[in-house]
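Worksheet for the structure shown next.
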Amino acid sequence: MNFQSDSIRSFILELGLSGLLAIYAVAAESSSAQEHAGHSTNTSAAQVTSGDSLGTNQTVHAAMPVGQNYETPKDWPKPVKNTLYPFVLFDQLEYRLNDGKDTFRWDVTGWYGGDYNKFWFKTEGEQQLSGETTGKIENQFLYSRLFTPFWDAQIGLRYDTGWGPGRNPSRTFAVIGLEGFAPYRFEVEPALFISEDGDVSAKFTTSADLFLTQRLILQPRLDTEVAVQDAERFGIGSGFNNVELGLRLRYEIRHRFAPYIGVHWKRLLGETASLARRGGERNETVGVVFGLRLWF
């Protein structure tokens, strides 16, 4: 009996050990297969050929593991370069039918450059169309740098000149300014000027395009100027010089070509108004405008 019991016990132990060894062998083989599969997936520079919707074959390059060198395929497109391109906007080309003397007014801006760096030019002025032939023009030549989305910092020079009987004043300024979009898509242009004589002044312009329809657009605009010192030769007094409001309704026959009609109001302020009165000029002007807005 003891001999039979010992034999049965030995048989059971041997059977248990054989089962454990078999389970271990299967598990080891499975683990080795998974590791081999993962190694093949992660370390190969595999190329997969797939058919597109037109039935042609396309080569898809598998991602390479970090730290391994990989030559860029010849059929990949070249990196996008910082392209330089021009832009010109005739924001105002208008006839002003004023309650006083009629004038022709222009406001043109343009630039050449890329996404971050641009060369800007700005010119604005007016020519009197009745009575004495007088007028003035302001030109700016600026370098701008995009420093945050929708905002450019600008630096450069400004040159002003005027013409008329007995006077042709002109002067040069250094310019530091900003240009960009404020909340609700108001375009804002604050600028600081320092003249060749050390006179300090500033200008602020803001406008917005309000789409009544896809083609009919209403544009309100505000301009104001302020000076720290008097410049009587140019009709400028210290303090706030003027404020001008305009409202123009344009119809875009094409996006690049839009006739418009509107109204404008301008008032001289403070010491600038006093200088104008002594010179026989009006302090306030109201008028209807007719013009074109162009860009290319």
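We did not get these values from a lab; they are worked out from the coordinates using the rules stated. The shown structure was predicted, so the numbers you read here are calculated from the model rather than taken from an experiment. Positions of Cβ are generated from backbone atoms using ideal geometry, with glycine treated the same way; all protein chains shown enter the neighbour counts.
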**Message:** Just to verify a number: FRET efficiency for residue 185 and residue 284, C-beta to C-beta distance, R0 = 35 Å, to 0.05?
**Reply:** 0.70
**Gain in span if fully extended, residue 213 to residue 74, counting 0.36 nm per residue against the direct Cα distance** = 45.2 nm
**Item:** Hz values of 3J(HN,Hα) by residue in region 247-252 - Karplus curve (6.51, -1.76, 1.60), Gly and Pro given as x
**Value:** 9, 10, 10, 10, 10, 7
**Fill in**
To the nearest 0.05, the calculated FRET efficiency linking residue 161 and residue 112 through their beta-carbon distance, R0 being 30 Å, is 0.80
